[in-house]
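This report refers to the structure that appears directly beneath it.
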Amino acid sequence: MQTEQKKPFRFLDLPAELRDMIYDHLLEDPYFPLPPTCGKQHQHSTLPSLGWVLPGRRLSAARAGATGPRRCNWMLLANRQCYREFMDLVCMKSTIHLTVSPANYKSQEAGDETEKKLWKVDPEVLRKVKKCDIKLITTSAMLGVSDPRKMSPGEWALSSQVRSELSDVNNVEELNLHVQALGDPLWNPLWVWYHASQSFKTMGSPRPTSPSTSSEYKGRLGPTLHRITFSLDIWSPGENYLERDAEGHWQWYCMKGHCIAPDGAGVLPVREFCARLYMECRVCSPESDVEADAAR
Ligand SMILES: [Zn+2]
């Protein structure tokens, strides 16, 4: 009897469905790169693509505060089969969070040919992922121009790099972009929101049947976004956001999700973008309608 109890428990002898139920309890959202609050970024530098699964160092501050770090995912390192099975579930059920910030994006220096990757993610994971959130934490310096008024959204280097790193994402069902503008004494954060939205809203659109210029085509590379939201690093009055409707057309919504106005076709002039960003919602503030009527 005694010896039988000491026999090791063979996890891989369990039916696959039971293994999946166990993996299910370990699921959490992976972050690339890890939020700085996780500390000790380089402790496991030999395993960069596994960094987020290693115990105790992978959670966002909010998540860690809510549930505390989990300590059981060492089993991911047990063998290839466990890793594959677990990662398939992560891709199917979790949201993968990809962040671009001054911490992992540096504008290309002249003559520097080696492009530093924003995210160390297994391409297989990118191919299979179903839900993905991209967060751009952007300064106006990251626009890469001295004067954002003269920039055209199609020539933004950061956008091209994001698109090229997302080229393996082709089974995603929900892909959202959040643009957080970091304050700058020189430029209005609106420029960051403006260029990011105008550059990324065409991503993944079907190639037009009429011949298009190569820069137009470049603007379509990458997977299709479903929603683009905006925020500041400080308090802001609350910005409307862009989301595709059932037909795939971009619409503007208020913070409470009421549809306000359609987005214009193609790149909007900055004035029209700002008008939609702060347009009053007729459901949330019916008095704005009365005022508009009175003004007529
Ligand atoms: Zn509303």
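Key figures for this structure:
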quantity	calculated
Residue within the range 174-191 that is modelled with pLDDT under 95, buried (at least 22 other Cβ atoms within 10 Å of the Cβ) and not polar (S, T, N, Q) present	yes
Near pairs, Cβ below 9 angstrom, 6+ apart or cross-chain, from the range 168-194 (without any contact (Cβ under 8 Å) to a residue 12 or more places away in the chain) to any residue that is assigned to a helix (DSSP H, G or I)	188/140; 188/148
Close pairs from the range 252-263: first within 11 Å of the ligand (Cβ to nearest atom), partner aromatic (Phe, Trp, Tyr), Cβ under 6 Å, at least 6 apart	253/241; 259/253; 260/252
Residues located in the range 228-251, provided they are modelled with pLDDT of 95 or more and within 14 Å of the ligand (Cβ to nearest atom)	240, 241, 243, 251
Condition check for residue 110: closer than 22 Å to residue 231 by Cβ, modelled with pLDDT under 90 and among the aliphatic types (A, V, I, L, M)	no
Flag if residue 163 is under 20 Å from residue 221 (Cβ atoms), surrounded by 17 or more Cβ atoms within 10 Å (Cβ to Cβ) and of a type in the set (Lys, Arg)	yes
Residue check for residue 282: more than 13 Å from residue 197 (Cβ to Cβ), without any contact (Cβ under 8 Å) to a residue 40 or more places away in the chain, charged (D, E, K, R) and within 14 Å of the ligand (Cβ to nearest atom)	yes
Subset of the range 229-249 that is surrounded by fewer than 16 Cβ atoms within 10 Å (Cβ to Cβ) and among the acidic types (Asp, Glu) - its residue that is farthest from residue 277 (Cα to Cα)	247
Output for the range 264-279, where each listed residue is in contact (Cβ under 8 Å) with a residue 60 or more places away in the chain and within 16 Å of the ligand (Cβ to nearest atom)	277
Residue within the range 103-111 that is of a type outside the set (D, E, K, R) and closer than 30 Å to residue 246 by Cβ present	no
Residue check for residue 51: within 24 Å of the chain's Cα centre (by Cα), under 27 Å from residue 175 (Cα atoms) and at pLDDT below 60	yes
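The values are calculated or read from the model by the stated rules, or taken from the named source; none is laboratory data. What you see is a predicted model, and the numbers here were worked out from it, not measured in a lab. Note that we place each Cβ from the backbone using ideal geometry, even for glycine, and neighbour counts take in every protein chain shown.
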